[in-house]
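Written out below as structure tokens is the structure these notes cover.
The values are calculated or read from the model by the stated rules, or taken from the named source; none is laboratory data. Treat the numbers as computed from the prediction; the structure is a model and nothing was measured. Cβ placement follows ideal geometry from the backbone for every residue including glycine, while neighbour counts extend to all protein chains displayed. The area values use the complete protein model at the heavy-atom level, side chains included, leaving out ligands, DNA and RNA. Shrake-Rupley method; radii C 1.70, N 1.55, O 1.52, S 1.80 Å.
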Amino acid sequence: QVHLIETGGGLVQTGGSLRLSCVASGRTVRDYALAWFRQAPGKEREFVAVISGNGASTLYSESVKGRFFISRDNANNTAILQMNSLEPEDTAVYYCAANHWTLLVRPASYDYWGQGTQVTVSS
């Protein structure tokens, strides 16, 4: 079992930045890829970014590439999503997720989820 807790959401103006954190606990966290997904009202949950267990590999959705950056600190069992140049379209609940394999983009491929943190970007 892996437990995930997200923090760092909030309200920001267009063009601003936010930093989301995901603290993981439970099984050996470094064995898990950690990802961020988001879900806006009335929309399906969508992939944002994922980082491999050792932090060497990352993958981003096209909509956030070049603006968002994912990293992890295995010593502190934490994954970070640095979000820059935020746009109103980035408004959503952001979820941290873990899977025991690799850089997967489908929500159904993830075994563990956090409770989510709200990000709101005002125009």
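Criterion first (aliphatic (A, V, I, L, M), in contact with a Phe, Trp or Tyr (Cβ under 6 Å, 6 or more places away or on another chain) and either touching a residue at least 60 places away in the same chain (Cβ under 8 Å) or surrounded by 12 or more Cβ atoms within 10 Å (Cβ to Cβ) (or both)) does Ala79 satisfy it?
no
Conditions tested, residue by residue: (1) buried (at least 16 other Cβ atoms within 10 Å of the Cβ); (2) under 17 Å from Tyr32 (Cα atoms).
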| site | (1), (2) |
| --- | --- |
| Ser63 | no, no |
| Phe69 | yes, no |
| Pro88 | no, no |
| Asn99 | yes, yes |
| Asp111 | no, yes |
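Can you name the condition, by its number, that Arg38 falls short on among (1) in a loop (DSSP other than H, G, I, E, B); (2) of a type in the set (Lys, Arg); (3) open to solvent by less than 50 Å² (accessible area, probe 1.4 Å)?
(1)
Considering the range 41-61 alone, what residues qualify as being closer than 23 Å to Arg27 by Cα, open to solvent by 30 Å² or more (accessible area, probe 1.4 Å) and touching a Leu at 6+ places or on another chain (Cβ under 9 Å)?
Ser57, Thr58
From the list Thr14, Thr7, Thr91, which one is at pLDDT 95 or above, under 13 Å from the mean Cα position of the chain (by Cα) and of a type in the set (Ser, Thr, Tyr)?
Unique residue meeting the criteria: Thr7.
Within the range 22-35, work out how many residues are modelled with pLDDT of 95 or more and either open to solvent by 30 Å² or more (accessible area, probe 1.4 Å) or under 16 Å from Glu87 (Cα atoms) (or both).
Going through the range 22-35 one residue at a time, the tally reaches 1.
Can you tell me how many residues in the range 1-35 are under 16 Å from Ala97 (Cα atoms) and either in a strand (DSSP E or B) or among the β-branched types (Val, Ile, Thr) (or both)?
Residues that pass the stated criteria total 18.
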